[in-house]
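Heads up: the structure comes next, in structure tokens.
Values quoted throughout were computed directly from the atomic coordinates according to the rules given, and no laboratory measurement underlies them. As the structure is a computational prediction, the values presented were derived from the model and not from experiment. In this analysis, Cβ positions are derived from the backbone assuming ideal geometry, glycine residues included, and neighbour counts consider all displayed protein chains.
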Amino acid sequence: MSAIREDFAEILKLVRPNARVLDIGCEDGELLELLTREKGVDGQGLEISPQGVAACLARGLAVVQGDGDRDLDHFPTRAFDYAILSKTLQQMREPRHVLSELLRIADQAVVSVPNFGHWKVRWALLSRGRMPETGALPEPWWSTPNIHLCTLRDFTALCDDLDLRIDACASLAEGRPARPIDPRQPIENWRAETALFLLSRRAEPQVAAPSLPQQNLFGEVELATTETSGKGKRARRA
């Protein structure tokens, strides 16, 4: 059996058994398959590439082709326990909107981002005056998909703006075990190469009950209701 990627191993620790999970940008479905096998989750994936969708289907996973920048709006509120976005937020055109949507459709979000404040990044800019290439940012500037890089300080400030709570955070570095951190400590903005966050909302979002059923990308229907007793129940299939 091949070794589990360190970020996947950390996500495996965070997700509780039998949870409802949406993996955005699930690629070939490796993480979803791991969570299904080890935690018995009810997992669904959203992947933009046809090749990734085909690979997920070959693994027997529930997946649809879609764009995380645009298609999260189609999912019903509180449809999942966890929404996972691993090393992808910095590739989104509207990261603020995406992050907000993750915490609308799920009770908690697992988000990992490369830290542009890491000391290797700073040193590359200071010593060579060029865009850095590191373990977390391996591609040259002219071919990278990253369009909205941030530091840990930037990310925690955005969480504050969106009224999100950081329930847990770990620093990840290639080849080394995950290290629990307080991302608000200035030293971690230098030390953490990549950070993995477990997020939730500080307050319940104010969402008006829809007048008509809403159908998401998986063909599931959320029935209009003003009752709160159905919280956490899976929407009925159309």
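Report the residues of the range 17-35 in range of a label on Glu94: point 7 Å along Cα→C-beta, backbone N strictly under 19 Å from it.
24-25
Dipole magnitude of the range 21-179 about its Cα centre, charges +1 at Lys/Arg Cβ and -1 at Asp/Glu Cβ only, in debye to the nearest 20?
Details: 17 positive and 24 negative charges, 149 e Å.
The dipole magnitude comes to about 720 debye.
Along Cα→Cβ, 7 Å out, is where each label goes; now give me the distance between the ones at Leu158 and Ala203 in nm to one decimal.
The modelled label-to-label distance comes out at 2.2 nm.
For the range 90-110, list residues with backbone N below 18 Å from a point placed 7 Å from the Cα of Arg70 toward its Cβ?
From the range 90-110, the list is 91-99, 101.
Which value in Å does the Kirkwood hydrodynamic radius of the range 6-204 take, with 1/r averaged over all unlike C-alpha pairs and then inverted?
Numbers: mean 1/r = 0.0582 Å⁻¹.
One over the average 1/r among Cα pairs gives 17.2 Å for the range 6-204.
Roughly what would the spin-label model give for Arg165 and Arg37, points 7 Å off Cα along C-beta, in nm?
3.4
Taking 0.36 nm per residue of separation and subtracting the Cα-Cα distance, what length does fully extending Trp190 through Lys13 add?
Numbers: separation 177, 0.36 × 177 = 63.72 nm, distance 2.53 nm.
Length difference between fully extended and current span is 61.2 nm.
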